[in-house]
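Written below as structure tokens is the structure these notes are about.
The values are calculated or read from the model by the stated rules, or taken from the named source; none is laboratory data. Values in this document were obtained by computation on a predicted structure and should not be read as measured data. Cβ placement follows ideal geometry from the backbone for every residue including glycine, while neighbour counts extend to all protein chains displayed. Surface areas here come from the heavy atoms of the whole protein model, side chains and all, with no ligands, DNA or RNA. Shrake-Rupley method; radii C 1.70, N 1.55, O 1.52, S 1.80 Å.
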Amino acid sequence: MGNEDLLKIAKNARIRSVCPLSSYAVGAALLAKSGTVYIGTNIEDKVIMSLSNCAERVAIQNAITHGDREILKIAVVGGKKESNYLDNTVPCGVCLQYMLNLDENIEVIFFNDGEVCVKKVKDFFVQPFKLD
Ligand code: THU
């Protein structure tokens with residue numbers, strides 16, 4: 001599964017976004033070590049805002065729910081709900097920490113000014129929190 005393919009799947013997942021609070025739709029698609037791809041989208045809760053969840057964590061928890069705990073890479077795309085234009089969306093700090101806790105070598109694939117970029121989770125941090 002190539003990076004461009006994973007980005008395409010993330011774009012499709014983005015269509016399912018539920019984002020009444022921000023109108024910002026995000027899609028994520030991850031490749032597990034098993035070869036299976038799992039998707040996620042951001043799901044906001046308009047009654048209790050803190051119940052909202054990011055696309056990346058939804059995708060990761062989708063994989064874990066299916067028994068796939070080893071993640072190789074995750075593609076992320078985001079932009080205004082009604083627009084086809086994709087921003088330079090990278091995972092938020094919470095999602096990066098969540099991924100770091102699973103495996104610091106997970107590769108994050110994202111668009112930056114239309115270019116496909118790949119960066120390991122650990123390379124987003126200046127001084128990461130770790131238990132060990
Ligand atoms: N969001 C994600 O789902 N992933 C990111 O990488 C950045 C932000 C969501 C959270 C919220 O629903 C909306 O995008 C605006 O912040």
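Quick test of your reading of the structure: residue 11 fulfils all but one of (1) within 12 Å of the ligand (Cβ to nearest atom); (2) of a type in the set (D, E, K, R); (3) more than 27 Å from residue 129 (Cβ to Cβ). Name the failing condition by number.
All conditions pass for residue 11, except number (1).
So, residue 79, is that one at pLDDT below 95 and closer than 19 Å to residue 4 by Cβ or not?
Judged against the criteria, residue 79 is not a match.
One residue is enough: does segment 90-103 have a residue meeting the conditions surrounded by fewer than 19 Cβ atoms within 10 Å (Cβ to Cβ), over 24 Å from residue 123 (Cα atoms) and of a type in the set (A, V, I, L, M)?
no
Determine, yes or no, whether residue 72 is in a strand (DSSP E or B) and either aromatic (Phe, Trp, Tyr) or on the phi < 0 side of the Ramachandran plot (or both).
Considered against the rule, which asks whether it is in a strand (DSSP E or B) and either aromatic (Phe, Trp, Tyr) or on the phi < 0 side of the Ramachandran plot (or both), residue 72 comes out as yes.
I'm trying to understand the selection: among the residues of segment 61-80, which are surrounded by 22 or more Cβ atoms within 10 Å (Cβ to Cβ) and under 20 Å from residue 117 (Cβ atoms)?
The answer is 71, 74, 75, 76, 77, 78.
In segment 44-56, how many are near the ligand (Cβ under 8 Å from one of its atoms) and either closer than 17 Å to residue 98 by Cα or out of contact with any strand residue (DSSP E or B) (no Cβ under 9 Å at 6 or more places or on another chain) (or both)?
Selection size over segment 44-56: 5.
Among the candidates 83, 52, which residue alone is surrounded by fewer than 17 Cβ atoms within 10 Å (Cβ to Cβ), free of Cβ contacts under 8 Å to residues at least 12 places away in the same chain and closer than 17 Å to residue 16 by Cβ?
Being surrounded by fewer than 17 Cβ atoms within 10 Å (Cβ to Cβ), free of Cβ contacts under 8 Å to residues at least 12 places away in the same chain and closer than 17 Å to residue 16 by Cβ holds for just one of 83, 52, which is 83.
Kindly evaluate residue 77 against the criterion of being of a type in the set (A, V, I, L, M) and near the ligand (Cβ under 8 Å from one of its atoms).
no
State which residue pairs qualify: first residue outside any strand (DSSP E or B) and modelled with pLDDT of 95 or more and inside segment 14-30, second residue more than 8 Å from the ligand (Cβ to nearest atom) and of a type in the set (D, E, K, R) in any location, beta carbons under 7 Å apart, and separation of 6 or more residues or different chains.
Matching pairs, first to second residue: 17/81; 19/81; 20/46; 21/46; 23/80; 23/81.
Can you find a residue that is basic (Lys, Arg) and touching a residue at least 60 places away in the same chain (Cβ under 8 Å) anywhere in segment 56-68?
Looking through segment 56-68, none of the residues is basic (Lys, Arg) and touching a residue at least 60 places away in the same chain (Cβ under 8 Å).
What number of residues in segment 105-132 are open to solvent by less than 60 Å² (accessible area, probe 1.4 Å) and in contact (Cβ under 8 Å) with a residue 12 or more places away in the chain?
Residues flagged as open to solvent by less than 60 Å² (accessible area, probe 1.4 Å) and in contact (Cβ under 8 Å) with a residue 12 or more places away in the chain within segment 105-132 amount to 10.
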